[in-house]
Amino acid sequence: MAAQRSTTDILDAAVHVREAARSATSGATGVDTVLSALAEVMEYDHASLARWDPLRGRHTTLAGSYPDDATAYIESRLHHDPVFAVLRSPARGGLWLRDVPRELLAASPGFQDVLRPLGIEDGVAQCLFAADGRYVGMLNVSVQRPRRTPDPARAVVTLLTEALAATVDRTAGPSPEEATAAAPPGGLSPRELQVLAELTAGRTNREIAERLYIAPRTVGTHIEHILAKLDLPNRAAAAARATAWGIEPAA
């Protein structure tokens with residue numbers, strides 16, 4: 001009976017997270033209230049919600065309690081970590097630390113250099129995707145002690161991803177690069193500018209798709225629009241135009 005009450009309490013707490021997410025999305029409260037509500041679902045030592053900035057090619061922390069060096073890693077290096085390649089599939093749920101293969105942890109700078117020194121033994125990293133399939137950011141939750149098994153919070157965190165994704169996607173203001181791109185050259189959209197920048201590096205549609213977390217077919221559509229808007233015959237000409245404008249891909 002106690003276990004059932006615990007599960008019920010967690011489900012009630014999940015409702016509070018969804019309410020906090022709706023309030024944050026409407027601007028009524030800050031994103032930090034979402035993380036506070038999430039602590040009722042799953043007690044943690046550190047947590048963060050970060051938004052993916054596609055123009056700068058990095059994450060931006062909206063709310064979090066990690067130390068500065070861990071936050072810096074999440075923002076500028078996590079998307080290059082071997083673990084992230086496993087995480088970013090839209091079909092995958094959250095990746096719990098105890099489920100990560102030992103060999104992958106051994107190859108992960110994020111675990112070896114950031115989490116391990118903090119004494120982290122459990123937690124979850126969850127990539128967040130908008131309804132249209134865009135990768136918009138991620139949730140990171142870390143604890144310094146193993147959680148009990150079975151853990152009802154696992155399923156609940158997965159159920160909350162849609163609300164968390166909406167919070168991350170809609171509450172962050174534009175980055176300086178996005179603001180500058182409000183009236184981009186040639187009337188290109190911010191996403192088209194990203195694709196145009198990638199063309200200067202001679203990347204294929206599949207390579208661009210992997211870097212921008214979109215489908216290769218979507219890349220092809222963007223390139224068609226770019227060529228039409230700029231009245232150019234091919235991608236090589238588009239790359240030359242981008243170089244002339246000083247447009248470069250994110251590092």
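Every number here is computed from the coordinates shown, using simple stated rules; none is lab data. All of these numbers come straight from a predicted model, not from anything done at the bench. As a convention, Cβ positions derive from the backbone with ideal geometry for all residues, glycine included, and neighbour counts pool all protein chains shown.
List of remarks:
- Mean Cβ neighbour count within 10 Å, used as a protection proxy, ranking 159-170, 61-72 highest first: 159-170, 61-72
- The mean sequence separation of alpha-carbon pairs under 8 Å and at least six residues apart, normalised by the residue count of the range 17-86, gives a relative contact order of 21 percent.
- The range 181-245: relative contact order as a whole-number percent, Cα under 8 Å and 6+ apart: 37
- Rounded to the nearest 20 debye, the dipole size of the chain about its Cα centre is 540 debye, using +1 on the Cβ of Lys and Arg and -1 on the Cβ of Asp and Glu.
- Highest mean packing comes first when the peptides 201-208, 218-225, 30-37 are listed by Cβ atoms within 10 Å, giving 30-37, 218-225, 201-208.
- J(HN,Hα) series, the range 48-56, from Karplus relation 6.51 cos²θ - 1.76 cosθ + 1.60, nearest Hz, glycine and proline x: 7, 10, 10, 9, 7, 9, x, 6, 8
- Of GLU19, GLU43, GLU210, the one that fluctuates the most in a GNM where the chain has Cα springs shorter than 10 Å: GLU210
- Computed from backbone phi, the HN-Hα couplings of the range 57-66 come to x, 7, 8, 10, 6, 8, 7, x, 10, 6 Hz, rounded to whole numbers (Karplus: 6.51 cos²θ - 1.76 cosθ + 1.60, θ = phi - 60°; Gly and Pro given as x).
- Amide H to amide H distances under 5 Å link GLY123 with LEU97, ARG98, VAL143, where only residues 5 or more positions off or on other chains count and H is placed in the peptide plane.
- Applying the Karplus relation 6.51 cos²θ - 1.76 cosθ + 1.60 with θ = phi - 60° to the range 24-31 yields 3J(HN,Hα) values of 5, 5, 7, x, 6, 9, x, 5 Hz, where x marks Gly and Pro.
- Contact order normalised by residue count of the chain, Cα under 8 Å, 6+ apart, percent: 19
- Subtracting the Cα-Cα distance of GLU224 and ALA244 from 0.36 nm times their residue separation leaves 5.2 nm of extension gain.
- Rough spin-label spacing in nm, given labels placed 7 Å along Cα→Cβ, for ALA28 and SER189: 3.1
- Placing +1 on each Lys and Arg Cβ and -1 on each Asp and Glu Cβ, with no other charges, gives the range 181-245 a dipole about its Cα centre of roughly 60 debye.
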